[in-house]
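Laboratory data are not the source of any read-out in this text; all were calculated from the coordinates shown. Computed from a prediction, not measured in an experiment: that's the story for all the values here. Glycine also receives a Cβ, built like all others from the backbone with ideal geometry; neighbour counts cover every protein chain displayed.
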Amino acid sequence: MLKLLKYEWKACARVFLPLYGVVLLMSVINALMTTDSAQNFMNGIPSVILALLFVALLVAVFVVTVVILIQRFYQNLLGDEGYLMFTLPVTVAQHILSKMIVAVAVCLLSGLVALVSIAIIGADTNLIFGIGMMLNEFGKAIAADPNGLGYMIEGILLLLVSLASGVLFIYLCMALGHLAKKHRVLMSVVWYFVLSTAAQFLFTFVMFGTMSGPMETLMTALGSALNGMPQQVLLHGVLIGFCVATAIPGAICYFVTHYILKNRLNLE
């Protein structure tokens with residue numbers, strides 16, 4: 001498992017580390033262009049061009065993140081490389097989990113690089129001061145509330161579970177698309193839109209279902225039972241409930257993908 005993670009990270013790092021370096025470099029250049037002399041140079045046209053390039057790079061970071069996430073799974077496990085990958089002395093679960101872990105890590109890194117680059121550009125403005133004040137108040141709130149650390153941990157857990165479930169959903173769509181005899185990439189896209197639409201329809205149905213009939217009675221009874229609980233306990237329950245509700249679809253995506261790769265995989 002560790003060797004798979006190491007191999008996967010090296011493959012992704014070859015693409016992302018140079019891209020992150022370019023984004024941070026462009027943020028430094030844009031920060032230098034915020035001075036009055038730079039803004040007055042050629043009526044500020046170079047500053048506008050560099051700002052547009054920076055925005056384009058930020059968009060490229062997230063686009064490349066999604067593309068590499070898809071490419072690594074599809075080429076390694078569903079493409080020609082699958083013949084080699086599935087001869088390794090590792091399980092299908094380890095293949096899926098190693099790619100999911102690295103994909104989640106890369107998503108977090110891409111978001112962090114975007115935030116750092118924006119902070120660099122705003123270093124000479126009130127942005128950094130505002131962020132510092134916000135973090136200071138956040139730290140004070142956590143220190144003052146015994147439950148604050150728990151809220152933060154649960155929030156981070158919810159973020160990780162959401163990212164993992166999103167990645168596994170994409171893997172499921174690719175695995176289902178690979179079951180087709182022809183046009184497998186197109187079928188993966190079709191499955192993505194079909195399952196996304198079905199999930200949205202199911203969510204809407206459940207939400208409206210809670211407003212009428214037996215579900216309304218059940219939700220009213222549940223609300224009455226929770227009404228007497230302390231606010232801290234209720235908030236913990238909500239965060240944990242969101243984590244569980246997000247993890248269940250992710251688990252379903254994982255097990256279906258695992259079944260397809262183990263029992264229905266056709267690399268021809």
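Tell me, in nm to one decimal, what length is gained between Leu112 and Ala51 on full extension, where the rule is 0.36 nm per residue of separation less the Cα-Cα distance?
Going from the current span to full extension adds 20.0 nm.
By count of other Cβ within 10 Å, fewest leading, how are Met152, Met174 ordered?
On the way: Met152 13, Met174 22.
Ascending Cβ contact count within 10 Å gives the list Met152, Met174.
If R0 is 22 Å, what FRET efficiency do you get for Phe193 and Asn266 from their C-beta distance, rounded to 0.05?
Working: r = 23 Å, r/R0 = 1.05.
Computed FRET efficiency for Phe193 and Asn266: 0.45.
Can you pick out the pairs among Lys10/Lys262; Lys99/Lys182; Lys99/Lys181 whose Cα atoms lie more than 31 Å from each other? Numbers along the way, then the final one.
Details: Lys10/Lys262 26 Å; Lys99/Lys182 25 Å; Lys99/Lys181 25 Å.
Correct reply: none exceed it.
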